[in-house]
Amino acid sequence: MTIIDYKGFGGVRLSADAGGDENDPAVLLLPDAGQGRSAWRAVADALVLSGRRVVNLDLRDDSEDWGAEDIATRVEDLRAVLAQLGSRPVVVAARRGGWIAANALAPDGAQLAAGLVLVDMPVNEASVAADTAARLALPTLILRGGFTAAECTPASDAFSAALPIGESVDIEEADLALAADRTEALLGQLLDFLERRQPREAMEFRAGSDPRTLRDAMGCFATGITIVTALDEQGVPAGLTANSFTSVSLDPPLLLVCVANTSGTAPVLRGARHFGVNVLQIGQQPASNRFAAKGEDRFANLPWASGETGVPLLDGSLVSFECERESLHEAGDHFILVGRVVRAQFEPHRDPLLYFRGKYRRLHFA
Ligand SMILES: Cc1cc2nc3c(=O)[nH]c(=O)nc-3n(C[C@H](O)[C@H](O)[C@H](O)COP(=O)(O)O)c2cc1C
């Protein structure tokens, strides 16, 4: 999570923890009066893991008691923050935070938010006017635990019944927002609502669509990362980061990599009789960055040695293949370089550096 400051009503600074990918559907979390954003932390972390962008917002101060004026100011704060977000989030509010959220979204909520979840919100006329619910023209989920069920049921029932696009779930005995052991129950309801009301968008590529979308589609295939190396005609080492590596055949032993014609290393790889493929381990992320960036002396201060065929092999790689060029196939804006493996040195105990959806990843053992 990173800390982001938003401008509230009158320019007051409001801090939030923000996590997840900015392109993912967003969820804005609001605490109860007297709580800070730490109250939502476990839920925020779980939502990020489930592929949501999360903004976990602090209110302007954490005083316990709110009069009508305090509520009105915070309503304006929330509307100001919503206007600063890049996309319309689902707003999830705990208890009296729900007063702020409901009042902020009653006028034109669908323009500011994709949905509203009110967790254990006490309903009383002074804080949430009777007609507020009727004006909430966006998908709204009321989650009620023991607190609301015991103390506010009739008013809360009336509020739920007045929602134009509402649904209401009672969770027995659950003081949802506050007790850590209730987080699971809350999350289950929340994720179900988000999947139905704010689905993660399915993307589509069709021939002729932009290459970026195709790249995103290809990025759904998780890979390792390699650095492909060779010597140029003067014997100077060259190499580039590539994840288009595949084993091809066991007998004869063949592998391939795809290299962009525009890459500066392409002429060296086209001309070389031998090339190396270094499969990276988790500690070699800096090398991966360096061999993908322009203008770097890629081999400077990097321990490497010449293999038996002369190709540069990077120290500490998970596996280093030395290959003799078998064949080369033109393929669109790339060429496919097929190599016959003459030697492979590997270190089976290291963890691989992984790549998925444009980001480095590491193995996760459940
Ligand atoms: C994770 C990752 C995987 C990549 N895979 C390939 C690949 O398979 N083929 C390729 O030509 N470029 C690939 N690239 C891009 C090159 O590494 C990058 O364009 C590099 O700057 C090329 O250097 P050069 O122009 O000096 O050859 C990849 C980059 C990254 C970060």
Point to revise | the range 13-40, residues that are buried (at least 16 other Cβ atoms within 10 Å of the Cβ) and in a strand (DSSP E or B) | key: Leu14, Ala16, Asp17, Ala18, Gly19, Ala26, Val27, Leu28, Leu29, Leu30
Check your understanding: Taking the range 268-301, which residues are assigned to a loop (DSSP other than H, G, I, E, B), within 19 Å of Gln234 (Cβ to Cβ) and not charged (D, E, K, R)?
Key -> Ala272, Phe299, Ala300
Check your understanding: If we keep just the residues of the range 188-224 that are assigned to a helix (DSSP H, G or I), of a type in the set (A, V, I, L, M) and within 16 Å of the ligand (Cβ to nearest atom), which is nearest to Thr140 (Cα to Cα)?
Key -> Ala217
Review point. Residues of the range 264-275 being within 9 Å of the ligand (Cβ to nearest atom) and buried (at least 16 other Cβ atoms within 10 Å of the Cβ), which ones?
Key: Thr265, Ala266, Val268, Leu269
Review point. Does the range 322-337 contain at least one residue that is under 30 Å from Gly20 (Cβ atoms), assigned to a loop (DSSP other than H, G, I, E, B) and assigned by TED's automatic domain parsing to the domain that holds Ala230?
Key: no
Exercise for review: Tell me which of these Ile227 doesn't satisfy, since it passes every other one: (1) in a strand (DSSP E or B); (2) more than 10 Å from the ligand (Cβ to nearest atom); (3) surrounded by 22 or more Cβ atoms within 10 Å (Cβ to Cβ).
Suggested key: (2)
**Study point:** In the range 90-112, the residues that are over 19 Å from Ala72 (Cβ atoms) and buried (at least 24 other Cβ atoms within 10 Å of the Cβ)
**Key:** Val90, Val92, Ala94
Practice item. Would you check which residues across the range 126-147 are aliphatic (A, V, I, L, M) and part of a loop (DSSP other than H, G, I, E, B) and list them? Key: Ala126, Val128, Ala129, Ala130, Leu136, Ala137, Leu138
Practice item. Kindly check whether there is at least one residue in the range 310-320 that is more than 10 Å from the ligand (Cβ to nearest atom), in a loop (DSSP other than H, G, I, E, B), over 21 Å from Phe346 (Cβ atoms) and in contact with an Asp or Glu (Cβ under 8 Å, 6 or more places away or on another chain). Key: no
Practice item. Would you confirm whether any residue within the range 283-294 is within 9 Å of the ligand (Cβ to nearest atom), touching a Ser or Thr at 6+ places or on another chain (Cβ under 7 Å) and of a type in the set (Phe, Trp, Tyr)? Key: yes
Exercise for review: Give me a count of the residues in the range 240-262 that are under 20 Å from Leu313 (Cβ atoms) and within 8 Å of the ligand (Cβ to nearest atom).
Suggested key: 8
Practice item. Mind counting the residues in the range 159-183 that are modelled with pLDDT of 75 or more and exposed (fewer than 13 other Cβ atoms within 10 Å of the Cβ)? Key: 2
Review point. Looking at Val75, Val81, Val55, Val43, which one is in a strand (DSSP E or B) and assigned by TED's automatic domain parsing to the domain that holds Gln111?
Key: Val55
Revision key, fill the gap. Arg53 passes all but one of the listed conditions (1) free of Cβ contacts under 8 Å to residues at least 40 places away in the same chain; (2) touching a strand residue (DSSP E or B) at 6+ places or on another chain (Cβ under 6 Å); (3) farther than 19 Å from Glu195 by Cβ; the exception is number (3)
**Study point:** Matching residues, the range 269-296, being more than 14 Å from Thr229 (Cα to Cα) and either in contact with a Pro (Cβ under 6 Å, 6 or more places away or on another chain) or not basic (Lys, Arg) (or both)
**Key:** Gln281, Ile282, Gly283, Gln284, Gln285, Pro286, Asn289, Ala293, Gly295, Glu296
**Study point:** Count - residues of the range 113-132 that are among the small types (Gly, Ala, Ser) and buried (at least 23 other Cβ atoms within 10 Å of the Cβ)
**Key:** 2
Practice item. Scan the range 348-366 and give yes if some residue there is more than 30 Å from Gly51 (Cβ to Cβ), part of a strand (DSSP E or B) and away from the ligand (no atom under 15 Å from the Cβ), otherwise no. Key: no
Review point. Taking the condition aromatic (Phe, Trp, Tyr), modelled with pLDDT of 95 or more, surrounded by 12 or more Cβ atoms within 10 Å (Cβ to Cβ) and touching a Gly at 6+ places or on another chain (Cβ under 7 Å), does Phe299 pass?
Key: no
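The values are calculated or read from the model by the stated rules, or taken from the named source; none is laboratory data. From a predicted model like this one, the values you see are computed outputs, not experimental measurements. Using ideal geometry, Cβ is built from the backbone for each residue, glycine included, and neighbour counts are taken over all protein chains shown.
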